[in-house]
Every structure is written in C-alpha cells, then in structure tokens.
Amino acid sequence: LFDLIAVVGSLVAIAIALCGPHRAFGQSSKIMLAGLFGFTALYGGCLVLEWAGVTAALDRVEDHIGATLPVWWIAVFYALYQEIAAGDLDASRERLQLALEGASDGLWDYEPQSGRVFFGPRVFTMLGYEPNAFPHAFDEWKARVHPDDLPKASETLDRFLRGESESYGVEFRMRTAGCQWRWILSRGKAAAWYENGAIVRMVGTHAD
C-alpha cells in the first residue's frame, strides 16, 4: 500500500509540475518529466496487477521497473539543474549587460577550451552592425581584428590563459560594418577554473 501511495503521490506531483502555471520548463525538462510520469504510471499499473494476482511474472517486472525509477529521478533533477543554471547565467548576463550599456561598453563571455563565445549587443553596435549580425564565435572576432594587431591581441590572450598575467587587457582595431577601422580596448578577467588551474571561462568588455 505504501508503494502505491508513493506512486500516486509522484504522479500528482509530476502532473502539477508539467501543467502548473508558475514554471515554464524547458523542452528537455518537459521530456524527462513526461517520461518519468509514464514510467511511474507503468510501475503503478504493475503493482495493481501484481496484487490482483493476474500473473506472478509481474513480480519480477515490477521489481525491475521500481529499481529503474531512481535513475529517472536523477535524470530529471539533472535536466532541471541544467535549466536553472542556464537561466541564472542568462539573468546574470542580462544584468551585467544593462549596466555596461550605460557605460557604452560591450560584454563578451568566452570559454577557451570549447571556443564558445557570447557577444552582447553593444559589441555589434559599436562596430555599426545590428545585434547578432555575425555568429557568436571566436573566429568571427579574429576575422574582424586588423591583421597588424591580431598577433599582439592573440599573444596577450594566450599569455593570460597561460597564467602569465593576472588580467587581460589589449587595444586593437576592428573592422566596422562600413569597412573602416575602429580602436577597441578589450579587458577581461577569469570567471571559472578547472581543478588544474586552467581557465574554464573568462568575461570582459569591449570599449570604443
């Protein structure tokens, strides 16, 4: 009876989570919650049929399904954690972005190991582009830095990533949407590290 009560309670909780008006879950979380709902319902059905004496074989089936349920819950919690972490990061970026816009600086967020980059709208507009006019990619930044300035900018970044300097700061010219050159001061700091000390993520600004 306790197992059945737990199953019904879980189904109700999952249904409220999926249909409740207060939380808009991401697609991955919805899929995991829906899968958990179906799996838990199957488990409850097996319990009822086992207790009704339909077939003794359901005893083994029910045991296997019950043993798998914790794995589903772990997957659901991980999906929700990833969604919340991403939401917190987006919210932090938005707050910083709004603050920087008042100073006319553009925000960038770079992950050296993966090569992923986020450029705030001001990074684009100070060069005469519409926001998101080109992909958020490290190679896109390199392609717009003046060829004469790129070696110095790259070496300054590499020295910072190697731990030879405490902060990153360098001036270089970038090509505008009108094919002119504009001087940019780029500054940044490390925001997260691996256990071996390598930088996971760095954030900084572009100033005209």
Taking Cα pairs closer than 8 Å and at least 6 residues apart, the relative contact order of region 109-201 in percent is 24
Note: residue 114 to residue 198 extended length (0.36 nm per residue) minus current alpha-carbon separation gives 29.0 nm
Output ordering of 166-174, 132-140 (per-residue mean of other Cβ within 10 Å, highest first) is 166-174, 132-140
Here the relative contact order (percent) of region 157-208, from C-alpha pairs under 8 Å and at least 6 apart, is 29
Note to self: with every protein chain in place and a 1.4 Å probe, region 101-166 gives an accessible area per residue in Å² of 52
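The values are calculated or read from the model by the stated rules, or taken from the named source; none is laboratory data. The structure presented is a predicted model; accordingly, all values stated were derived computationally and were not measured. Because the Cβ atoms are built from the backbone with ideal geometry, glycine has one as well, and the counts that use them run over all protein chains shown. Areas reflect the complete protein model, heavy atoms only, side chains present, ligands, DNA and RNA absent. Shrake-Rupley method; radii C 1.70, N 1.55, O 1.52, S 1.80 Å.
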